[in-house]
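Structure record follows, encoded as structure tokens.
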Amino acid sequence: MPAHMLQLSSSYTTTTTIRAPPKGSPQNEGEKLENHPLYSEEDIRPEMKDDIYDPSYQDAEGPRPKFEFVWRNIILMCLLHLGALYGIILVPTCKFYTWLWAYVYYLISGLGITAGAHRLWSHRTYKARLPLRLFLIIANTMAFQNDVYEWARDHRAHHKFSETDADPHNSRRGFFFSHVGWLLVRKHPAVKEKGATLNLSDLKAEKLVMFQRRYYKPAVLLICFILPTLVPWFYWGETFLNSLCVATFLRYAVVLNATWLVNSAAHLYGYRPYDKNINSRENILVSLGAVGEGFHNYHHTFPYDYSASEYRWHINFTTFFIDCMAVLGLAYDRKKVSKTAVLARIKRTGDGSHKSA
């Protein structure tokens with residue numbers, strides 16, 4: 001094996017935190033999820049609790065409040081997707097460097113969500129040194145899906161109160177609502193009520209996260225829209241229309257929809273090999289588009305695993321990226337659930353679709 005691969009393998013093994021299931025975990029195969037919360041994180045991630053599913057929370061009885069449309073968001077989303085559709089028509093007329101620029105921008109933007117807002121700041125599944133945190137906060141701004149503080153707050157609520165009215169994109173309200181509809185209406189009162197109970201002190205204490213939040217709007221305008229449009233136009237003579245509709249509108253729309261599919265398709269279509277009692281599912285197609293976030297039944301079962309998957313690099317570019325950053329010394333203390341814990345959970349609550357079942 002080449003020396004650089006040996007180095008990567010060594011770092012990958014020695015810096016990942018492996019833990020067995022905590023003592024006192026339910027072992028009887030027939031025990032129900034609602035009687036036992038998910039595995040305690042005391043051995044793996046003692047500082048984080050607010051992204052663990054709370055099966056005791058139930059929706060209040062009675063009809064839901066009527067939708068209150070946010071017309072600004074509806075109009076902007078329609079304009080964006082019209083521009084993106086026109087961008088698809090223009091793709092064949094673009095220069096090769098414009099295609100490459102749009103793809104690289106998409107990939108970096110995706111990492112800003114997956115490795116940044118999701119696995120680092122929402123779940124604290126690994127730790128990152130300042131250069132990596134700075135890269136991820138810039139990449140996250142490129143993605144324009146709300147600042148890290150708001151994204152992480154909503155995502156923790158999504159995990160803790162999954163598939164209830166306190167879940168911002170509750171998939172029980174249908175594919176369209178969980179995909180994009182939740183952004184086009186005012187939040188359900190339960191989202192605000194339960195979201196206010198979450199402990200977000202770790203986010204408030206991180207200066208970089210709060211700096212992004214303070215200057216988010218001008219930063220988004222510059223990094224998500226102006227920069228990707230001007231670079232192809234100025235540096236290699238791409239037409240302004242191609243730069244705007246392909247490198248900006250189409251690229252941004254693809255990043256948005258790839259992320260939204262984790263909330264919609266990965267909660268409605270696929271297998272549940274780790275926990276059949278929850279809606280989230282394994283969806284390989286979603287993982288392809290969302291650079292590794294489609295192993296969603298695993299992720300909701302073990303939200304504290306930095307790989308968000310049992311299989312690490314398998315269709316999971318985000319895990320590969322984090323491991324490469326670990327080789328460079330920029331990522332460390334990666335949390336990984338032990339094989340023993342995974343197999344025990346498969347036996348206890350899986351739907352029988354796992355190859356070990």
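The values are calculated or read from the model by the stated rules, or taken from the named source; none is laboratory data. This one's a predicted model, so the numbers in the text were calculated from it and none came from an experiment. For neighbour counting, all protein chains shown are included, and Cβ atoms are generated from backbone atoms with ideal geometry for every residue, glycine included.
Couple of notes before you dig in:
- Residues satisfying the stated conditions in region 141-155, i.e. over 13 Å from residue 120 (Cβ atoms), in contact (Cβ under 8 Å) with a residue 60 or more places away in the chain and in contact with a Gly (Cβ under 8 Å, 6 or more places away or on another chain): 141, 142, 143
- Residue under evaluation residue 91, criteria (1) touching a Pro at 6+ places or on another chain (Cβ under 7 Å); (2) in contact (Cβ under 8 Å) with a residue 24 or more places away in the chain; (3) not small (Gly, Ala, Ser), criterion not met: (1)
- For the criterion of being surrounded by fewer than 24 Cβ atoms within 10 Å (Cβ to Cβ), within 15 Å of the chain's Cα centre (by Cα) and within 30 Å of residue 275 (Cα to Cα), residue 150 passes.
- Count - residues of region 186-210 that are in contact (Cβ under 8 Å) with a residue 40 or more places away in the chain, part of a helix (DSSP H, G or I) and either surrounded by fewer than 18 Cβ atoms within 10 Å (Cβ to Cβ) or of a type in the set (Lys, Arg) (or both): 6
- Candidate set: region 59-96, residues that are of a type in the set (Phe, Trp, Tyr) and exposed (fewer than 15 other Cβ atoms within 10 Å of the Cβ); chosen: the one modelled with the lowest pLDDT: 67
- Sole exception among (1) over 18 Å from the mean Cα position of the chain (by Cα); (2) touching a residue at least 12 places away in the same chain (Cβ under 8 Å) for residue 255, by number: (1)
- Taking the conditions (1) within 29 Å of residue 59 (Cα to Cα); (2) in contact with a helix residue (DSSP H, G or I) (Cβ under 9 Å, 6 or more places away or on another chain); (3) part of a helix (DSSP H, G or I); (4) not small (Gly, Ala, Ser) in turn, residue 132 satisfies each one other than (1).
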